[in-house]
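The values are calculated or read from the model by the stated rules, or taken from the named source; none is laboratory data. Keep in mind the model is a prediction, meaning the values are calculated, not measured. Using ideal geometry, Cβ is built from the backbone for each residue, glycine included, and neighbour counts are taken over all protein chains shown.
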Amino acid sequence: MIGVGDIRFATIVVLAAAGAAFFLLGTVGLLRLPDFFSRVHAATKCDTVGAGLLLTALIVLNGAEPSTAKIIVLAGLVLLSSPTTGHALARAAHRTGLVPWHAEEE
């Protein structure tokens with residue numbers, strides 16, 4: 001019979017694996033994408049979704065403890081600051097004249 005602890009453990013594993021996968025894909029995006037704007041997009045998705053999933057896994061792991069409130073605050077900070085930082089970087093690059101990459105037509 002499957003117990004509540006088994007479901008909780010499975011949830012933690014799935015959330016942590018998905019978060020790690022987003023970090024891996026974001027890292028590949030940083031290495032493979034052609035220009036600054038694409039790389040900023042990959043980095044912000046990696047941070048926002050990957051860290052959000054990993055912090056959610058920690059929340060489920062911790063349960064109802066006082067330290068869970070700290071993790072929730074940290075998750076909120078990451079979910080607000082990462083997209084804002086990415087937008088600020090992309091806007092500054094655009095304002096300084098950095099041109100987005102375009103595939104050359106044949």
message = Go through (1) exposed (fewer than 14 other Cβ atoms within 10 Å of the Cβ); (2) within 20 Å of residue 10 (Cα to Cα); (3) under 12 Å from the mean Cα position of the chain (by Cα) for residue 64 and report which single condition fails.
response = (3)
note = Checked region 5-40 for anything outside any helix (DSSP H, G or I) and in contact with a helix residue (DSSP H, G or I) (Cβ under 9 Å, 6 or more places away or on another chain); matches are 33
key: Whichever residue in region 3-34 is exposed (fewer than 14 other Cβ atoms within 10 Å of the Cβ) and not hydrophobic (A, V, I, L, M, F, W, C) and, among such residues, is farthest from residue 93 (Cα to Cα)   = 3
ask   = Taking interchain pairs and intrachain pairs at least six residues apart, which have beta carbon atoms under 8 angstrom, with the first residue in region 1-27 and at pLDDT below 95 and the second surrounded by 13 or more Cβ atoms within 10 Å (Cβ to Cβ) and of a type in the set (Asp, Glu)?
value = 26/47
ask   = Within region 63-78, is even one residue touching a Ser or Thr at 6+ places or on another chain (Cβ under 6 Å), under 24 Å from residue 20 (Cβ atoms) and assigned to a helix (DSSP H, G or I)?
value = no
query = Failed condition for residue 78, given (1) over 26 Å from residue 101 (Cα atoms); (2) at pLDDT below 90; (3) under 11 Å from the mean Cα position of the chain (by Cα), with all others met?
reply = (2)
